[in-house]
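Report on the following structure.
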Amino acid sequence: MEEATLECPLKPKDFASDQEVKWCPGCGDYAVLNAVKRALAELNIKKEDATFVSGIGCSSRFPYYVDTYGFHTIHGRAAAIATGVKVANPNLSVWVASGDGDSLAIGGNHFIHAIRRNINMNLILFNNEIYGLTKGQYSPTSERGKVTKSSPHGTVEDPFNPAELALGAQGSFYARVPDTDVKLMTSVMVEAEKHQGLSLVEVLQNCVIFNDKVHAAITGKETKLDNQLILEHGQPMLFGAEKNKGLRLNGLDLEVVTIGENNITEADILIHDETLVNPTLHFMLSRMQLPEFPIAMGVIRNVNKNVYDQALHQQRADEKTNSKFASLNDLFLSGNTFKVV
Amino acid sequence: MTLKFGIQNNYKPLPFGEIREGLMKTELESVVIKFAGDSGDGMQLAGSLFTETTANIGNQIATFPDFPSEIRAPQGTVAGVSGYQIHFGKSGVHSPGDAPDVLIAMNPAALQANLHNLKPASTIIIDSDTFKKKDFEKAGFDGNPLEDNTFSDYKVIEAPITSLTKTNITDLGLDNKSMVRCKNMFALGMVYWLFNEPLEKTINFFDNKFKKLPAVCEANKRTLQSGHNYAETIEALTSSFTVLPAKKQPGTYRNITGNQAAAWGFLAAAEKAKKDLFLGTYPITPATDILHELTKHKWAGVKIVQAEDEIAGICSAIGASFAGDVAITTTSGPGMALKTEAIGLAVMTELPLVIVNVQRGGPSTGLPTKTEQSDLQQALYGRNGESPLVVLSASTPADCFDWAFEATRIALEHMTPVILLTESYIGNGAEPWKIKLTEELPDIHPRTLDSYDENWKPYDRDTEKLARQWVVPGTKGMEHRIGGLEKDECTGCVSHNPQNHAIMVATRQNKIDKIADFIPLQKYKGKDATKLLVVGWGGQFGILFGAVNDLQKEGKNIAFTHFNYINPLPKNTAEIFAKFDRILVCELNNGQFADYLRAQFPQFTYEQFNKVEGLPFKIKDLKNKFNEMLEAGNA
Ligand SMILES: Cc1ncc(C[n+]2csc(CCOP(=O)(O)OP(=O)(O)O)c2C)c(N)n1
Ligand code: SF4
Ligand SMILES: [Mg+2]
């Protein structure tokens, strides 16, 4: 038989690095690692073509555990560093791993600007509503009144909803997934990578040590079917153990209705369209809170928009074609020069 | 009044570190300015009012009012241009001067009329409101001269003079024509700011002349003041006025500012390294012109991210460096402070990176448009942890090219961040540059490893330079992770081992120290001298050189050495110091280089000559100090 010159497609486990994973047992970060490895395999990305960039935090240890290129940087700056990576080499598949403190507190500026510029990369936001690495202080996503080590009397500030920040910054892709659903997370990661532009994936991540069960009402086995609305593009927004609850518009507000009650049929239920340019409905979906509403999961927004790195490289190419200079020497000798003999 | 300094240059492209013989920086004795505009623009009035003011503060003057030959030449045409040239200064004003150092052109025709008579690197103030298509066509330009390369060699200040004039006086009830007529006062106000001259005399003039027309009086006075304020707000910077050299090396020259030279030096370095140039930056005076210059040259492959802040500026550059570009970031003091943590990351990850600090007066926002050398210790020590890196400085506007090139070479060949210190004075100053074609420049050899090597580890280093190799994403089989956590000296994996940390701290220091093996020895001027060694660094080179040179010509026992390599210092530094009785360190701060030398070579005594006024040294002050020290020795 001929020597096999074709490479076998990589499997998820091929993306595991030789480093021992040091997250606490039971930490939600493991699920993200699994989903990402599966997505990389499914997307057929070559190891050398992927780069993971992170800031500082438990979640930012992520790059050490993936056998691709990786850069564990400084607190809050991953998005800015990844911007440079992507602009320098647009052929790379660039991923950012970042915590809620990393991206929404110290790195908030880079976060919104990376989204605004729509740089073609994937930003995974590990939202455990706590500072894990520094052992349990409240974060910009901790709910008001949250008691933590740094807020023994409860916090006196309201949290960010990352989705609102992202949509407010004109984000082109936003998805939300619970760390308990690796299958959904994998498919969302695949969609994120396919999307041209900045793809923000918010993972509702459990920190077993400092904020255990913070998302339990959403992710708990008994409640998840009623408390999660898993959105699918082109499908009615149905949820519930019996799939008989759904969303419809009532005036300018969303409303939960039950099929079969008050003459409601499936035809009354909103169909999810992730490509709506007008973000209003996406805003409403991402703002839904328990107990009145389920929490929206899956790809909420996925629209086409100019991509920063592509436009930057297009401009370079155009300038090269149009320039009157063919070399640096042309430039140096242009304009007013004078000869001394 | 303060006159600007100029540079008289006998430019010889010498190896790095050599003193350019014959390069002189002298205090300019006089300056020529010219107001030019349409006959109706009030140029004669502006010129004569300026003359009055400047005469009043004790300057010699010669003026040359230059009216259009036709009294009613069509508006906006070259024939209709009216000009008023003033040559003023402390001494040596024997004629109205040849060409202006500062030209005020109120419309394209005024610019066209003076094109043939512009000094290289002169400053041109133009009313951008008058540069519409029909205006520049009427003036005989094919296209908008501000948008092609016509004025790339000049310091052009584009100000919307007409519209700003109007906005400031709309409430006075004047008709449009009367409002527009005030615009000459806007220009005059700007010129007063540039030369630091008082407004009082002109204000008095209007108070007397328009006693009966209070609205017109107020409109003129207000416009004068708003022109003055505008120049201050936009931080209008005059280039250092250049006196062309009497004798020069044969070759092709052009005028160049330090910021432009630095930008071109980086372009050349990237080409010589066969890599793309990446600039991540955030605007800040007086460094922004490097961004302005590089952004014109996307054709040459440069990638630019104007980031959301200085942190993102340097971080994007670090990311680009990780991904294989020649990465630079440019800033000034306050931005430098913001970049601190990220510089530490570049030290730790041993990535090539050049950080340019065009220094200005500090601390805090300080004196944004003024010059100072007070960020030296920030560059050397301003980071957490033991965090050594290379610090270089440039001497003159033109040699910013060489030092940008050299900074890039060291960064790429030694895998380290390099801080290049320039300063406002040379960044915005201009001088003739003997053009270096790319074939005259050495190749740069980045430590790239671009194919699979099964034995390679991220922190492997060679024995000569102790530098690691640069393996960038996309290289098959070489996937690895780096970061700001301490790394195992062999595997490059995260390590908290105490001995390993000690080894890595020492290794990072040794790597920088070893660079001394790859730079030229320090030179000094004055081989026979033994008494006094004048030590300088950075952009005060020309002035220091000129002062020492004058005394050497008088036969004084004085020598001069000027440092561009700050860390590491050239290997023979102590050897030179040992030859002299006294060492005087001259710098525009409170003694930062002197302190650094004390730490490096405590066996010598360092005396200091310092100035922190936001201004360059004056030759006269330096010579007084040197003479004082020389004479004290004789007593
Ligand atoms: C400049 C700087 N400030 C503060 C810290 C300390 N610090 C490290 S991680 C962190 C917060 C981590 O929280 P998050 O980003 O939510 O990540 P998690 O650990 O929860 O995954 C803080 C405050 C730091 N490393 N650097
Ligand atoms: S502290 Fe929390 S977030 Fe950090 S690894 Fe442990 S469980 Fe995960
Ligand atoms: Mg967190």
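The values are calculated or read from the model by the stated rules, or taken from the named source; none is laboratory data. Note that the structure is a prediction, hence the values are computed from the model and not measured. Backbone-built Cβ (ideal geometry, glycine too); neighbour counts: all protein chains shown. Protein only, heavy atoms only, side chains kept; ligands, DNA and RNA dropped before computing areas. Shrake-Rupley method; radii C 1.70, N 1.55, O 1.52, S 1.80 Å.
Three principal axis extents of region A:282-327 based on alpha-carbon atoms, in descending order, are 65, 13, 13 Å. Can you tell me the FRET efficiency between B:Asn384 and B:Lys274 if r is taken as the Cβ-Cβ distance and R0 is 41 Å, rounded to the nearest 0.05? The pair B:Asn384/B:Lys274 has a calculated efficiency of 0.70.
The charge dipole of region B:257-519, taken about the Cα centre with unit charges on the Cβ atoms of Lys, Arg (+1) and Asp, Glu (-1), comes to about 220 debye, rounded to the nearest 20.
When the C-alpha to C-alpha distance is required to be over 19 Å, the pairs from B:Lys553/B:Lys620; B:Lys155/B:Lys296; B:Lys134/B:Lys296; A:Lys194/A:Lys320; B:Lys457/B:Lys511 that qualify are B:Lys134/B:Lys296; A:Lys194/A:Lys320. For chain B, the longest principal axis of the C-alpha atoms and the axis of helix B:43-56 are separated by about 70°.
Over chain A, dividing the summed -39,500 (n - 2.57) contributions of all DSSP H runs of at least 4 residues by the number of residues returns a 222 nm mean residue ellipticity of -7500 deg cm²/dmol. A full extension of the chain between A:Thr280 and A:Lys339 corresponds to an added length of 14.7 nm, given 0.36 nm per residue minus the alpha carbon distance. Dipole of the protein assembly as shown computed with +1 at Lys/Arg Cβ and -1 at Asp/Glu Cβ about the Cα centre; of B:Tyr524, B:His480, A:Asn306, farthest Cα towards the positive end is B:Tyr524. How many nm separate the modelled label positions at B:Thr340 and A:Val190, each set 7 Å beyond the Cα in the direction of the Cβ? Spacing of the two 7 Å Cα→Cβ label points: 4.8 nm.
Against the main long axis of the alpha-carbon atoms of chain B, helix B:541-553 sits at an angle near 90°.
Placing +1 on the Cβ of every Lys and Arg and -1 on the Cβ of every Asp and Glu, with nothing else charged, gives region A:10-214 a dipole about its Cα centre of roughly 180 debye. For the peptide A:42-51, the mean number of other protein chain Cβ atoms found within 10 angstrom of a residue's Cβ is 3.
Working from label points 7 Å from Cα in the Cα-to-Cβ sense, the A:Gln19 to B:Thr252 distance is 5.2 nm.
The calculated pair-distance distribution of chain B uses every alpha carbon pair, bins of 10 angstrom beginning at 0, and gives 3, 15, 24, 23, 17, 11, 5, 2, 0, 0 percent. Shown is the FRET efficiency for A:Ala241 and A:Arg116, computed with R0 = 41 Å from the Cβ-Cβ distance and rounded to the nearest 0.05: 0.55.
Checking every one of the trypsin sites (Lys or Arg not before Pro) in region A:202-240 against DSSP loop status and a limit of 12 other Cβ atoms within 10 Å picks out A:Lys213, A:Lys221. Return the Rg/Rh ratio of the protein assembly as shown with Cα-based radii and a Kirkwood Rh. Reported Rg/Rh, Kirkwood definition of Rh: 1.04. Shielding value for B:302-312 is 6, the average number of Cβ atoms from other chains within 10 Å of each residue's Cβ.
Taking the C-alpha atoms only, the angle from helix A:308-322 to the longest principal axis of chain A is near 20 degrees. Separation of the alpha carbons by more than 19 angstrom is noted, of B:Lys119/B:Lys298; B:Lys556/B:Lys579; A:Lys37/A:Lys183; A:Lys339/B:Lys274, for B:Lys119/B:Lys298; A:Lys339/B:Lys274.
With protein chains left intact and a 1.4 Å probe, residues in chain A average 45 Å² of accessible area per residue. Between B:Asp309 and B:Arg598, the contour length at 0.36 nm per residue exceeds the alpha carbon distance by 100.4 nm. For GluC sites (Glu not before Pro), the sites in region B:402-492 that DSSP calls loop and that have at most 14 other Cβ atoms within 10 Å are B:Glu454, B:Glu464.
What is region B:278-373 by shape, rounded, prolate or oblate, if you read a ≥ b ≥ c off the alpha carbon gyration tensor as root eigenvalues and call it rounded for a/c under 1.5, prolate for a/b larger than b/c, and oblate otherwise? Here region B:278-373 falls in the oblate category. When you filter the GluC sites (Glu not before Pro) in region B:596-635 for DSSP loop state and at most 15 other Cβ atoms inside 10 Å of their Cβ, you are left with B:Glu613. In this simple spin-label approximation, B:Tyr452 and B:Leu521 carry label points 7 Å from Cα along the Cα→Cβ vector, and these lie 4.9 nm apart. For chain B, DSSP calls about 40 percent of its internal beta bridges antiparallel.
Once the Cβ-Cβ distance of A:Asn44 and A:Asn329 is raised to the sixth power relative to R0 = 45 Å, the FRET efficiency obtained is 0.50. Since only B:Gln608, B:Phe401, B:Thr573 are under comparison, the one whose Cα sits farthest along the positive direction of the charge dipole of the protein assembly as shown, derived from C-beta charges on Lys, Arg, Asp and Glu, is B:Gln608. Too long at a 27 Å Cα-Cα cut-off: which of B:Lys138/B:Lys221; B:Lys166/B:Lys212; A:Lys146/B:Lys339? Over 27 Å apart, Cα to Cα: B:Lys138/B:Lys221; A:Lys146/B:Lys339. Compared with the rule-of-thumb size 2.2 N^0.38 Å for a compact globular protein, chain A has a Cα radius of gyration ratio of 1.14. Taking a ≥ b ≥ c as the square roots of the eigenvalues of the Cα gyration tensor of region A:129-251, is the shape rounded (a/c under 1.5), prolate (a/b larger than b/c) or oblate? Because a/c hits 1.5 or more and a/b exceeds b/c, region A:129-251 counts as prolate. Bridges between two residues of chain A, per DSSP, are antiparallel at a rate of about 35%. 3J(HN,Hα) along region A:279-288, derived from phi through the Karplus expression 6.51 cos²θ - 1.76 cosθ + 1.60 where θ = phi - 60°, amounts to x, 3, 5, 5, 4, 4, 5, 6, 8, 4 Hz, with x in place of Gly and Pro.
Between region A:48-106 and region B:506-533, what is the separation of their alpha carbon centroids in Å? Answer, in whole Å: 40.
Take the accessible area of A alone and of B alone, subtract that of the pair with a 1.4 Å probe, and the total buried over both chains is about 5300 Å².
Which residues does the label zone of A:Glu261 cover in region A:270-289, counting backbone N under 17 Å from a point 7 Å along Cα→Cβ? A:270, by backbone N distance to the label point. For the protein assembly as shown, a crude dipole built from +1 on the beta carbon of Lys and Arg and -1 on the beta carbon of Asp and Glu, taken about the Cα centre, is about 2280 debye to the nearest 20. Here the mean projected area of the convex hull built on the C-alpha positions of region B:481-635 is 12.1 nm².
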